[in-house]
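Colleague: Quick one: this structure, given as structure tokens, is what I'll be asking you about.
The values are calculated or read from the model by the stated rules, or taken from the named source; none is laboratory data. Since this is a predicted model, take the numbers as computed values, not measurements. Virtual Cβ from ideal backbone geometry, glycine too; neighbours counted across all protein chains shown.
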Amino acid sequence: MLGAGNRDPRQFAEPDSLDLARHDARPLTFGGGVHFCLGAALARLEIEILFGKLAERFAGIEATGEIAYRERLTLRGPTSLPVRLHPRRVAAGAAAAGRVHPAGGDDRA
């Protein structure tokens, strides 16, 4: 029952909440042992790049609604995660000249 991993109410105060600072969690995301996911390194790299680009481009990210989850016994994951992206402020001269780029240079995310 991978979907129940790190959601034990005897272990965690708010087991159904996303808490990125939770220190005592041992995620089952990529399995383990002979069943360890071969694509784990690539998936971690993709996530690192994604969040790095979001942090460069936006001043903040805010949840705007309820997270909807898949109703499955094995793997649990969101089907929707509504968020609002707060843009970085740009200098008036750069915006008027059409040179609006995120921190870090290019405008590709």
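Colleague: Within segment 7-64, which residues are part of a helix (DSSP H, G or I) and in contact with a Lys or Arg (Cβ under 6 Å, 6 or more places away or on another chain)?
Modeller: Those that are part of a helix (DSSP H, G or I) and in contact with a Lys or Arg (Cβ under 6 Å, 6 or more places away or on another chain): none in segment 7-64.
Colleague: Sort out which residues of segment 43-66 are surrounded by 11 or more Cβ atoms within 10 Å (Cβ to Cβ) and touching a strand residue (DSSP E or B) at 6+ places or on another chain (Cβ under 7 Å), and write them in order of number.
Modeller: If the condition is that a residue be surrounded by 11 or more Cβ atoms within 10 Å (Cβ to Cβ) and touching a strand residue (DSSP E or B) at 6+ places or on another chain (Cβ under 7 Å), then Leu54, Phe58, Ala59, Gly60, Ile61, Ala63 are the ones that fit.
Colleague: Would you be able to say whether some residue in segment 41-51 is more than 20 Å from Leu20 (Cβ to Cβ) and either within 13 Å of the chain's Cα centre (by Cα) or at pLDDT 90 or above (or both)? Before you say what the answer is, go through the steps one by one.
Modeller: Step one: of segment 41-51, the residues more than 20 Å from Leu20 (Cβ to Cβ) are 41-42.
If we keep only those that are either within 13 Å of the chain's Cα centre (by Cα) or at pLDDT 90 or above (or both) too, we end up with 41-42.
Among the residues of segment 41-51, at least one is more than 20 Å from Leu20 (Cβ to Cβ) and either within 13 Å of the chain's Cα centre (by Cα) or at pLDDT 90 or above (or both), which makes the answer yes.
Colleague: Scan segment 1-20 for residues that are modelled with pLDDT of 80 or more and farther than 19 Å from Ala68 by Cα and report the count.
Modeller: Residues flagged as modelled with pLDDT of 80 or more and farther than 19 Å from Ala68 by Cα within segment 1-20 amount to 6.
Colleague: Quick check on my filter: what residues within segment 67-83 are exposed (fewer than 10 other Cβ atoms within 10 Å of the Cβ) and free of Cβ contacts under 8 Å to residues at least 12 places away in the same chain?
Modeller: Passing the criteria: Glu71, Thr79.
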